[in-house]
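Q: What follows is a structure written as structure tokens; I'll ask about it next.
The values are calculated or read from the model by the stated rules, or taken from the named source; none is laboratory data. The structure displayed is predicted, hence computed values, not measured ones. Cβ atoms come from the backbone with ideal geometry, glycine included; neighbour counts cover every protein chain shown.
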Amino acid sequence: MNVILLYPEFPDTFWSFKHALKFTRKKASFPPLGLLTVAAMLPSSDWVKRLVDVNVTKLTDQDLAWADYVFIGSMVIQRNSARQLIDRCKNAGVKVVAGGPLFTSEYKQFKDVDHFILNEAELTLPDFLKDLKNGCARRVYTTTQFPDIRETPVPQWELVDMRRYASLSVQYSRGCPYQCEFCDVTALFGQRTRTKRAEQIIDELNSFYDLGWRGSVFFVDDNLIGNKKALKNELLPALIRWQKEHDSLPFHTEVSINLADDEPLMNMMADAGFDAVFVGIETPDTDSLVECGKKQNNNRELVDDVKRIQRAGLQVQAGFIVGFDSDTPSIFQRQIDFIQKSGVVMAMIGLLQAPYGTKLYERLKKEGRLSGRMSGDNVDGTTNIIPNNMDIDTCRNGYKSILSHIYSPENYYQRVKTFLREYKAPKIKVKIDLDHILALVRSIFHLGILGRERVQFWNLMFWTCLHHRELFPLSVKLAIYGYHFRKVSELHVL
């Protein structure tokens, strides 16, 4: 049977980097790791596979005429595109099989899907394939169990045109030891951190390295340090050895703030090639941290924690939230002050939303304070929550004030300098290639000549050359990112 592995379009949002990608020859930030893993689970003897990621290419009528099945995987933020693609498949008479976070949460909203493979495919996909072969496939396959991901196969990277992507992805673990009220990670993947074997990760790196990949790699784990023992004793030593034997690749990932407490771990991560981490800081307000169960962030000097991680050679990218019940109108300026002082250049700010299946969703449902579904977009200025302590207009106006401040050229470029003063140059040196040169040339033209930020741009370039010459490529990259973040803010909110 012929199957299309179909990935819906990402809207123009914080993590799409669409405006930044225009400075290079890339079309999308990341390929669909989940679909590529599913592809590896489909027996090659029975299935002929074709990947169509509409972020980098078009789904054609010829594709649909060729296909017997379409397997579509989606996150909540891709909901609108997913619905359009499903309609198109049904009009073409192609059967649709759907899975991933969107459908696990909202499968009842998609009447035209023939089969749902929900939760983790390692457990639900085999039953579907067996029933399909026997002619008795059910519509919904689900489970409350969590699979042993040490049995998960290497994603089928040969289906991907890697030249179109800014970064590739691997997954080491699933689950998180923390239970933040607003987060659906534990609802989807459990509170126990399950890890792959280090050998699996090395096999995954080799699979795309051998195909010619020399760019960055994103470890998509929701909290890479959820199992510190396995990380320190198994994965990081294996990555350090691998980096010494190959052209070094820069890594980035997501962690909790308590990484700042473990200097040996930070040093090992830097030795292994990690140069950036995303941290859910959420808020400097203690009452709001208690409210949402973010115990790992409480009773800490968060600015000092950020700077310790930066000094270890790990750029801190961070998420922030406003709209907690404990928030008062003072929170908007406090968030601005924290972001500027800490030097968190890539600061993702969002109004609090309640994902389906979270403790927050269940609590607000009982209180009658839900207003529809969440958008899945962290920076579109929307919420599905009826606020408690502030009216919705106060929340939205305060939210807009944060974005307009932190992504104005003056404040953004000043924050880059604050960060670079602390940041220790990564141990893994990025090799300059044609894409880097193209990005520099286009940044000079669009930011340094035509841009409203041209004064700040040239000030940063000269300042970096004078004080931190080894970080010049990073300063160019951050200038380009600033352009993207400002465009997204202006498009959705300001």
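Q: Out of the residues in region 357-370 that are within 27 Å of Ser16 (Cβ to Cβ) and part of a loop (DSSP other than H, G, I, E, B), state the one that is modelled with the lowest pLDDT.
A: It comes out as Gly357.
Q: Among what's in region 247-298 and is of a type in the set (Gly, Ala, Ser) and under 21 Å from Gly175 (Cα atoms), pick the residue that is surrounded by the fewest Cβ atoms within 10 Å (Cβ to Cβ). So that I can check it myself, show each step before the final result.
A: Of region 247-298, the ones of a type in the set (Gly, Ala, Ser) are 248, 256, 260, 270, 272-273, 276, 280, 288, 293.
From what's left, under 21 Å from Gly175 (Cα atoms): 256, 260, 276, 280, 293.
Numbers: Ser256: 21, Ala260: 25, Ala276: 19, Gly280: 22, Gly293: 16.
Within region 247-298, the match that is surrounded by the fewest Cβ atoms within 10 Å (Cβ to Cβ) is Gly293.
Q: In region 456-494, how many residues are more than 23 Å from Glu422 (Cα to Cα) and touching a residue at least 12 places away in the same chain (Cβ under 8 Å)? Even if it seems obvious, please write down each step before you answer.
A: Applying the first criterion (more than 23 Å from Glu422 (Cα to Cα)) to region 456-494 yields 484, 486-494.
Narrowing further to those that are touching a residue at least 12 places away in the same chain (Cβ under 8 Å): 484, 486-489, 491-494.
Number of matching residues: 9.
Q: How about region 313-338: which of its residues are among the hydrophobic types (A, V, I, L, M, F, W, C), crowded, with 22+ Cβ neighbours inside 10 Å and more than 27 Å from Tyr361 (Cα to Cα)?
A: If the condition is that a residue be among the hydrophobic types (A, V, I, L, M, F, W, C), crowded, with 22+ Cβ neighbours inside 10 Å and more than 27 Å from Tyr361 (Cα to Cα), then Leu314, Val316 are the ones that fit.
Q: Might you check whether a residue that is at positive phi, under 25 Å from the mean Cα position of the chain (by Cα), part of a loop (DSSP other than H, G, I, E, B) and modelled with pLDDT of 95 or more occurs anywhere in region 342-356? Can you show your working first?
A: Narrowing region 342-356 to residues at positive phi: 343.
From what is left, the residues that are under 25 Å from the mean Cα position of the chain (by Cα) are 343.
Those still in the list that are part of a loop (DSSP other than H, G, I, E, B) too: 343.
Adding the requirement that they be modelled with pLDDT of 95 or more leaves 343.
Taking every residue of region 342-356 in turn, at least one turns out to be at positive phi, under 25 Å from the mean Cα position of the chain (by Cα), part of a loop (DSSP other than H, G, I, E, B) and modelled with pLDDT of 95 or more.
Q: Turning to a different aspect of this structure: Take the conditions at pLDDT below 95, outside any strand (DSSP E or B), touching a helix residue (DSSP H, G or I) at 6+ places or on another chain (Cβ under 7 Å) and outside the structural domain of Ser29 (by TED's automatic domain parsing) and apply them to Leu236. Does it pass?
A: Details: at pLDDT below 95: no; outside any strand (DSSP E or B): yes; touching a helix residue (DSSP H, G or I) at 6+ places or on another chain (Cβ under 7 Å): yes; outside the structural domain of Ser29 (by TED's automatic domain parsing): yes.
Against the criterion (at pLDDT below 95, outside any strand (DSSP E or B), touching a helix residue (DSSP H, G or I) at 6+ places or on another chain (Cβ under 7 Å) and outside the structural domain of Ser29 (by TED's automatic domain parsing)), Leu236 does not qualify.
Q: Moving to a separate point now. Assess whether Phe462 counts as being within 20 Å of Ser167 (Cβ to Cβ), aromatic (Phe, Trp, Tyr) and out of contact with any Asp or Glu (no Cβ under 8 Å at 6 or more places or on another chain).
A: Numbers: within 20 Å of Ser167 (Cβ to Cβ): no; aromatic (Phe, Trp, Tyr): yes; out of contact with any Asp or Glu (no Cβ under 8 Å at 6 or more places or on another chain): yes.
Answer is no for this residue.
Q: Turning to a different aspect of this structure: What number goes with the only condition from (1) over 21 Å from Ser16 (Cα atoms); (2) under 26 Å from the mean Cα position of the chain (by Cα); (3) surrounded by fewer than 17 Cβ atoms within 10 Å (Cβ to Cβ) that Asn384 does not pass?
A: Here Asn384 clears every test but (3).
Q: If you don't mind, another one. Quick check, is Asp53 outside the structural domain of Val217 (by TED's automatic domain parsing), among the acidic types (Asp, Glu), in contact (Cβ under 8 Å) with a residue 12 or more places away in the chain and touching a strand residue (DSSP E or B) at 6+ places or on another chain (Cβ under 9 Å)?
A: Taking the combined requirement at face value, the residue satisfies it.
Q: I want to confirm something. Restricting to region 472-494 and keeping residues that are surrounded by fewer than 22 Cβ atoms within 10 Å (Cβ to Cβ) and over 21 Å from Ala276 (Cα atoms), which single residue is modelled with the lowest pLDDT?
A: The qualifying residue modelled with the lowest pLDDT is Leu494.
Q: Follow-up. Which number in (1) farther than 25 Å from Gln353 by Cβ; (2) modelled with pLDDT of 95 or more marks the one condition that Asn80 misses?
A: Only one criterion is unmet by Asn80, namely (1).
Q: Now for a separate question. From the list Arg415, Arg421, which one is outside any loop (DSSP other than H, G, I, E, B) and either crowded, with 18+ Cβ neighbours inside 10 Å or touching a Phe, Trp or Tyr at 6+ places or on another chain (Cβ under 9 Å) (or both)? Quick ask: steps written out before the conclusion?
A: Details: Arg421 fails: either crowded, with 18+ Cβ neighbours inside 10 Å or touching a Phe, Trp or Tyr at 6+ places or on another chain (Cβ under 9 Å) (or both).
Going through Arg415, Arg421 in turn, just one is outside any loop (DSSP other than H, G, I, E, B) and either crowded, with 18+ Cβ neighbours inside 10 Å or touching a Phe, Trp or Tyr at 6+ places or on another chain (Cβ under 9 Å) (or both): Arg415.
Q: Which pairs turn up if I take residues in region 278-289 that are more than 12 Å from Asp325 (Cα to Cα) and in the same structural domain as Ala260 (by TED's automatic domain parsing) and look for partners that are crowded, with 19+ Cβ neighbours inside 10 Å and of a type in the set (Phe, Trp, Tyr) with beta carbon separation below 8 Å, at least 6 apart in sequence or on another chain?
A: Short answer, once both residue conditions are applied: Ile281/Phe320; Ile281/Phe338; Glu282/Phe320; Thr283/Phe320; Thr283/Phe324; Pro284/Phe338.
Q: Could you run through region 185-227 and say how many residues are in a loop (DSSP other than H, G, I, E, B), over 19 Å from the mean Cα position of the chain (by Cα) and surrounded by 18 or more Cβ atoms within 10 Å (Cβ to Cβ)?
A: Within region 185-227, residues that are in a loop (DSSP other than H, G, I, E, B), over 19 Å from the mean Cα position of the chain (by Cα) and surrounded by 18 or more Cβ atoms within 10 Å (Cβ to Cβ) number 2.
Q: Okay, next question. When you scan region 36-148 for helices (runs of 4 or more DSSP H) that lie fully inside it, which ones turn up with 2 or more residues that are surrounded by 14 or more Cβ atoms within 10 Å (Cβ to Cβ) and small (Gly, Ala, Ser)? Steps first, answer last, please.
A: Numbers: elements: 61-66, 79-91, 101-106, 121-133.
Because the criterion is at least 2 residues that are surrounded by 14 or more Cβ atoms within 10 Å (Cβ to Cβ) and small (Gly, Ala, Ser), the helices (runs of 4 or more DSSP H) in region 36-148 that meet it are 79-91.
Q: Somewhere in region 371-382, is a residue assigned to a helix (DSSP H, G or I), more than 30 Å from Tyr413 (Cα to Cα) and in contact (Cβ under 8 Å) with a residue 60 or more places away in the chain?
A: Of region 371-382, the ones assigned to a helix (DSSP H, G or I) are none.
For region 371-382, residues assigned to a helix (DSSP H, G or I), more than 30 Å from Tyr413 (Cα to Cα) and in contact (Cβ under 8 Å) with a residue 60 or more places away in the chain: absent.
Q: Looking at Arg369, Arg363, Arg334, which one is touching a strand residue (DSSP E or B) at 6+ places or on another chain (Cβ under 8 Å) and among the charged types (D, E, K, R)? Step through it out loud before you land on a result.
A: Values: Arg363 fails: touching a strand residue (DSSP E or B) at 6+ places or on another chain (Cβ under 8 Å); Arg334 fails: touching a strand residue (DSSP E or B) at 6+ places or on another chain (Cβ under 8 Å).
Result of the check over Arg369, Arg363, Arg334: Arg369.
Q: Still on this structure: Restricted to region 358-381, and to residues that are surrounded by 20 or more Cβ atoms within 10 Å (Cβ to Cβ) and in contact with an Asp or Glu (Cβ under 8 Å, 6 or more places away or on another chain), which residue is nearest to Ile321 (Cα to Cα)?
A: Only one residue tops the list, namely Leu360.
Q: Let me ask you something else. Kindly evaluate Tyr399 against the criterion of being of a type in the set (Phe, Trp, Tyr) and out of contact with any strand residue (DSSP E or B) (no Cβ under 8 Å at 6 or more places or on another chain). Quick ask: steps written out before the conclusion?
A: Values: of a type in the set (Phe, Trp, Tyr): yes; out of contact with any strand residue (DSSP E or B) (no Cβ under 8 Å at 6 or more places or on another chain): no.
The answer is no for Tyr399.
Q: Can you pull out every residue in region 466-489 that is more than 12 Å from Leu447 (Cβ to Cβ) and of a type in the set (Gly, Ala, Ser)?
A: Across region 466-489, the qualifying residue is only Ser489.
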